[in-house]
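Reviewing the structure listed below.
The values are calculated or read from the model by the stated rules, or taken from the named source; none is laboratory data. Source: prediction; values computed, not measured. Heads up, the Cβs are rebuilt from the backbone with ideal geometry, glycines too, and the neighbour counts pull from every protein chain shown.
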Amino acid sequence: MRLPWLLDEYYVAPRDDEGKEPTGESRNDARLVPFPAARRRKGLTTVTGGYQTLLNILNYCRDGTTREDLTSFVNTEHPRLTERSIRTQINGIANELNCLKLDGNRVVLTEQGRALVESEDPGELMDWLVTRILGADHAMVILRDEKRCTPQGLARRIQEINPGWTTTRTPSVIISRLR
């Protein structure tokens, strides 16, 4: 049972430095290298409460916490969420935004999560979103090249890159995260 996880860890899962190709001496000089479409996440989980809730969750995890305590915290913030929805959102913050990780039985901030908490600048997520989430880079290019594009039109254009997206819901979530 351990073999699939080891294979994933060593051959599939991205390392922290993947997605950037150094071009100079500082980390900020790195050129972004997008993952192939097959390795990218096909969407984003919406965090109930938006960006402010994301920051609250990350602040709560600043010194590390257990998964159960984090679930209780999110439940106090949003009592209408089911435990399953809370777990889904925590997994989304960890895997889709690379802001949390498990360290033994504790949930801790990643380097990116810590940077986001310290700066409160959503731009901290941009490199990750553009290189690892299918559609985010396309949205940026479309917005750069087309001066006038409605959110609905942008969502339809992003939908075209993944035949599995039968509605514009996922592209709309991506667009809302990029705002």
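At-a-glance table
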| quantity | calculated |
| --- | --- |
| Cβ-Cβ under 7 Å pairs, at least 6 apart or on other chains, segment 136-149 side among the charged types (D, E, K, R), far side part of a helix (DSSP H, G or I) | Asp137/Val130 |
| Conditions (1) modelled with pLDDT of 95 or more; (2) under 23 Å from Gly43 (Cα atoms); number of the one not met by Arg144 | (1) |
| For Gln159: the one exception among (1) more than 19 Å from Leu97 (Cβ to Cβ); (2) surrounded by fewer than 18 Cβ atoms within 10 Å (Cβ to Cβ); (3) not small (Gly, Ala, Ser) | (2) |
| Flag for Val107 being touching a residue at least 40 places away in the same chain (Cβ under 8 Å), over 20 Å from Val173 (Cα atoms), touching a Ser or Thr at 6+ places or on another chain (Cβ under 6 Å) and surrounded by 15 or more Cβ atoms within 10 Å (Cβ to Cβ) | yes |
